[in-house]
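The values are calculated or read from the model by the stated rules, or taken from the named source; none is laboratory data. Small disclaimer: the values here were computed from a predicted structure and weren't measured. Positions of Cβ are backbone-derived with ideal geometry, glycine not excepted, and every protein chain shown enters the neighbour counts. To get the accessible areas, we keep the full protein, side chains included, count just its heavy atoms, and leave off ligands, DNA and RNA. Shrake-Rupley method; radii C 1.70, N 1.55, O 1.52, S 1.80 Å.
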Amino acid sequence: MTDIATHAGPESAKGSEGETAAEDSGAPSADLQDWIGRLFVFRDTADLRRATALQATLETPEEPLAEGDALPELWHWAYFWEIASQSGVSSDGHAARGRFLPPIELPRRMWAGSRLTWLRPIRIGLELTKQSEVVAIEQKEGRSGRLAFVTLRHIVSDPAGPLLEEEHDIVYREAAAAGEGWRPGAPSEREAVWSREIQPDPLLLFRYSALTFNGHRIHYDRPYATDVEGYPGLIVHGPLLATCMVDLARREAPDRRIAAFRFRALAPVFDTAPFVVCGAPDETGAELWVEGPDRRLCMQGRVEWGD
């Protein structure tokens, strides 16, 4: 197999020589179901420099990281960049579809949620691989129009074997209609035992975009976010919110090992106001959620403790 990108690009891992990477297979099939089972392998190294930059961005309270330390949970999202050439990027800043992800025509794309299980710690400094597979595509009609959901399965491994299993949901939506607003989440009815308020200023969003090589313009291009996609401000990354949720659990329960985490996005969070990361622990884990203005529920999830 041949690297598509120098640092962390994908390799095709599907079938015979005639079933290689999307750029070698010609125009994709009009039937999106043909994309189910498409498999890619990404290679990267859990380098210390990137982990240190993410530690500074999140302002985590741990001691400085070193080679061999366990990478904090969800920080693997700063690795395995999908590196597209400038001419291979869509108008929204993402890599053009039809390479690994199916060529869904709906223009607005968001991270809808994930389910993760850690088998062993990811150690800083080790060479890693991530095997990614398209496992489901579902199209439906919602209140805001047509929707498409794509589910990916990722397995992160080091030379000794699998470290992390993850399922990742992506939702695609129609373009915003003229005058269409966004729907805030339902009021939160939970009482937090843990909480941390965070101001998501443009610098935080820029730094996280840079560390994850995320070119999606809704996170840093205010005119695009407001005028094209119809939002009131820049959108805080779904994975950044999820990382802040897990970070809260790590801060408040530093002696517990996180074995699993699941979350789903409920409403967008913008840079126009602070958000609050909340948690309520129990014997086996902790419920976690994010509240926006007026205590509106924007994301919810749960961590499970391990031995």
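Observations
- Pick from the stretch 132-183, criterion aromatic (Phe, Trp, Tyr) and not in a loop (DSSP other than H, G, I, E, B), ranking: modelled with the lowest pLDDT: 172
- The stretch 139-154 residues that are surrounded by 16 or more Cβ atoms within 10 Å (Cβ to Cβ), paired with ones that are not in a strand (DSSP E or B) (beta carbon under 6 Å, 6 or more apart): 148/104; 148/106
- Strands (runs of 3 or more DSSP E) contained in the stretch 186-302 and holding at least 1 residues closer than 28 Å to residue 174 by Cβ, touching an Asp or Glu at 6+ places or on another chain (Cβ under 8 Å) and of a type in the set (Phe, Trp, Tyr): 275-281
- Here residue 236 clears all of (1) under 15 Å from the mean Cα position of the chain (by Cα); (2) in contact (Cβ under 8 Å) with a residue 40 or more places away in the chain except the condition numbered (2).
- In the stretch 203-222, the residues that are on the phi > 0 side of the Ramachandran plot form Cβ pairs under 6 Å with partners that are surrounded by fewer than 21 Cβ atoms within 10 Å (Cβ to Cβ), at six or more places apart or across chains, as follows: 213/81.
- Scanning the stretch 292-299 turns up no residue that is closer than 30 Å to residue 202 by Cβ, modelled with pLDDT of 95 or more and open to solvent by 30 Å² or more (accessible area, probe 1.4 Å).
- Condition check for residue 108 on (1) closer than 26 Å to residue 235 by Cβ; (2) charged (D, E, K, R); (3) open to solvent by 30 Å² or more (accessible area, probe 1.4 Å): one failure, at (3).
- Residues within the stretch 111-133 that are touching a Ser or Thr at 6+ places or on another chain (Cβ under 8 Å) and surrounded by fewer than 21 Cβ atoms within 10 Å (Cβ to Cβ), tallied: 5
- Residue in the stretch 275-289 that is under 18 Å from residue 75 (Cβ atoms) and of a type outside the set (Lys, Arg) present: yes
- Picking from residues in the stretch 25-47 that are among the hydrophobic types (A, V, I, L, M, F, W, C) and either outside any loop (DSSP other than H, G, I, E, B) or open to solvent by less than 30 Å² (accessible area, probe 1.4 Å) (or both), the one that is modelled with the lowest pLDDT is 32.
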